[in-house]
1. Choose one of 371, 353, 457: the residue whose Cα lies farthest towards the positive end of the charge dipole of region 348-458 (beta-carbon charges +1 Lys, Arg; -1 Asp, Glu; about the Cα centre).
2. For n ≥ 4 DSSP H runs only, could you compute -39500 (n - 2.57) per run for the chain, divide by its residues and tell me the 222 nm figure to the nearest 500?
3. Counting every Cα pair in region 150-190, what percent are over 11 Å apart?
4. How big is the gap, in Å, between the Cα center of region 60-77 and the Cα center of region 24-47?
5. Using DSSP to call loops (not H, G, I, E or B), can you name the trypsin sites (Lys or Arg not before Pro) in region 320-424 whose Cβ has at most 12 other Cβ atoms within 10 angstrom?
6. What Kirkwood Rh does region 348-458 have if only Cα atoms enter the pairwise 1/r average? Answer in Å.
7. From the Cα gyration tensor of region 214-254, with a ≥ b ≥ c the square roots of its eigenvalues, which class applies: rounded if a/c is under 1.5, or else prolate if a/b is larger than b/c, or else oblate?
8. Going through the DSSP H helices of the chain, which span 24 Å or more along their own axis at the Cα atoms while scoring at least -0.5 as a mean Kyte-Doolittle hydropathy?
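Please treat every number below as a calculation from the coordinates, not as lab data. Since we're looking at a predicted model, the values are computed, not measured. When we count neighbours, we look across all protein chains shown, and the Cβ atoms used for this are built from the backbone with ideal geometry, even at glycine.
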Amino acid sequence: MVPAETKGGYMMAERVDVVVVGMGPGGEAVAGQLAEAGLSVVAAESGLVGGECPYYGCIPSKMMIRAADLLAEARRVPGMAGSAEVRPAFAPVAERLREATDDWNDEVAVRRFEGQGGRLVRGRARIVGERTVRVGDQEFTAERALVLNPGTEPALPSIPGLADTPYWTNREALRTTEAPASLCVVGGGTVGLELGQAFARFGTQVTVVEAADRLLPAEEPRASELIAEVLRGEGIDVRTGAKVTEVSHDGSGFAVRVDDETVTAQRLLISVGRKAPLHELGVDAIGLDPDARFFDPDDHLRVAPGVWAIGDATGKGAFTHVSMYQAGIVVRDVLGRPGPGAEYHAVPRVTFTDPEIGAVGRTEAQARERGIRVRIGYTNLASSARGWIHGPGNAGFVKLVEDADTGVLVGATSVGPWGGEVLSALAVAVHARVPTERLRHMIYAYPTFHRAIEDALSKLA
Ligand SMILES: Cc1cc2nc3c(=O)[nH]c(=O)nc-3n(C[C@H](O)[C@H](O)[C@H](O)COP(=O)(O)OP(=O)(O)OC[C@H]3O[C@@H](n4cnc5c(N)ncnc54)[C@H](O)[C@@H]3O)c2cc1C
Ligand SMILES: NC(=O)c1ccc[n+]([C@@H]2O[C@H](COP(=O)([O-])OP(=O)(O)OC[C@H]3O[C@@H](n4cnc5c(N)ncnc54)[C@H](O)[C@@H]3O)[C@@H](O)[C@H]2O)c1
C-alpha cells in the first residue's frame, strides 16, 4: 500500500489493490474475499456495512413476516384443531428486529471485514478519475480493481405535498416499535405487499394504492389476482389503477387523495420502486452516463477498464442473491481465476406474502414478447391432494412456461404456502434447461406441494 501524500498542494491518491464503493451484500463479499486473498482493499461506505438487506430489507422484513404468519396460522386453528385466542403484540417483533440489526449498528460487520484484512473508510465516495475515488479529503487509486456496489435508494413519486410530510419508506417502517392503527401503502409491489400484509395481521387497517392495473405488475396476472383476493379477504383495501394526486399531514395523520376520494391513515408507506445513485457517484468521470438508470455491465460485470459494477444498480434483479452471485464472478475475475460469466435466464424471486409468490425466468407475457412459441401448463394448488389436506391458507398454483421449440422451461411461477421453496425445483429446471420430457418422467413425493409441478407438466399445451 503506498500512502497518500500532498504534493504542491494537490492531493496524491493512495494506491491500493482494490477499492470497493458500497458495502451492500455483494460489495461486502467482494471486499472481504479479496482482502482474505491478501490484496490491499479499501472499502468506502456511507451508511451501514452490509447495506439494505440486513438492516432495512430482507432480514428485518422477513422476521416481521414470520411473526405475522404465526398470527395468521393461529387464526386458522378454529375448524381445524380447536380454538386459539390471538392477541397480537408488536413489541416482540420490534425487539427481535432491534437484536437482529444490533440496533442498526454495523460494528460486528466492520470488525468482520477488518478481521479479513480490509480497511473501511466511512463516507460518500465519488469517482474522480480512472479507478480513483475521493472520500471526504482522502483519495484512493485502485491498481487492480474498482468495484462499484452503490445499491439503490427508495424512489419518491412526485406527488404534491408529499415531501413536506413524515412519510415512511421501508427504512422507517422496519424501525417502527409499534404497528400503526392505519397505514396507506403507495405502491403494490414487493415491499408494499409484504409489509402491508404483515402490518394488517397485527391489526393495522391497511390501504394499498397501486398505479398499475394490478398488484405485482411484473408477475403472472393470475398471481396478481390471487394475492389481491387474499389481501382483500384479510380486510386490506386494495386499489389498483389508482392515482395519488396529493398528500398532506396535519400533525397526527395523513390525508391521501386517491382519485376522487381521500384516504386517511396514521402512517404512509412509499414503496414505488428504487433508484440507483449513479449521478452522485460521479460515473461520468469514467465515461459512463450519469443519467442512466442502471449500469450496463458485460457478462463479467465490467463497466470500464479495471472497473466492475454489481448489485441492484446493475438492473439485473434487485435481490441479495443476484448481488452475491455477481460478487462471486468479480472475485474470480480479479484473482485471475477462470469461471463462467453471468447468466440471467433463471433469476429466481420470491415475494414473501402469504401465500408466497415465487417465480423464475420469464413470465408467459415476457416469453411471448421475445417471440418464443410457448406452451403453458397450469395447475391449482388448493385442489391438489396436499392443498386439500392443508385446508385454510392453501391458495396457490404452479404455472409453467415452456419453449415449445426446444422443449425446455423458460419460466415458472409457484404460488402457495411455501411457494418460494417449491420454486427451487423449477429454478433448477430453468437454469439447467432440463427437457420437460425428463421432468415428466421424474418421481414426485406424495403428498407434497411440489407434486403440483408434475400435474402442471401433464397439462402443457
Ligand atoms: C424492504 C425490502 C425487503 C427486501 N427483501 C429482500 C428479500 O427478501 N430477498 C432479496 O433477495 N432481496 C430483498 N431486498 C432487496 C435487497 O435488499 C437488495 O437487493 C440487496 O440489499 C442488494 O443490494 P446491493 O448489494 O446492490 O446494495 P445495497 O444493499 O443497496 O447497499 C449499497 C450500499 O452502498 C452504499 N453507498 C451507495 N453509494 C455510495 C457511495 N457513493 N459511497 C459510499 N457508499 C455508498 C449505501 O450506503 C449502501 O449501504 C429487499 C429490499 C427491501 C427494501
Ligand atoms: N422478497 C424480495 O425478494 C424483495 C422484497 C422487497 C423488495 N425487493 C426488491 O426491492 C425492489 C423494490 O421494491 P418496491 O416494492 O419498492 O418496488 P417494485 O418495483 O417491486 O414495486 C413498485 C410498485 O409501485 C407501483 N408504483 C409506481 N409508481 C407509483 C405511484 N406513483 N403510485 C402508486 N403505485 C406506483 C409500481 O407499479 C409497482 O407495482 C423490488 O423490485 C425487489 O427487487 C425484494
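1. Going by the charge dipole, the pick is 371.
2. About -8500 deg cm²/dmol.
3. Cα-Cα pairs in region 150-190 separated by more than 11 Å: 76 percent.
4. Cα centroid to Cα centroid, the span is 35 Å.
5. Counting only loop positions with at most 12 other Cβ atoms within 10 Å, the trypsin sites (Lys or Arg not before Pro) in region 320-424 are 370, 373.
6. 13.7
7. Judged from the Cα gyration tensor, region 214-254 comes out oblate (a/c at least 1.5, b/c at or above a/b).
8. Long hydrophobic helices here: 58-75.
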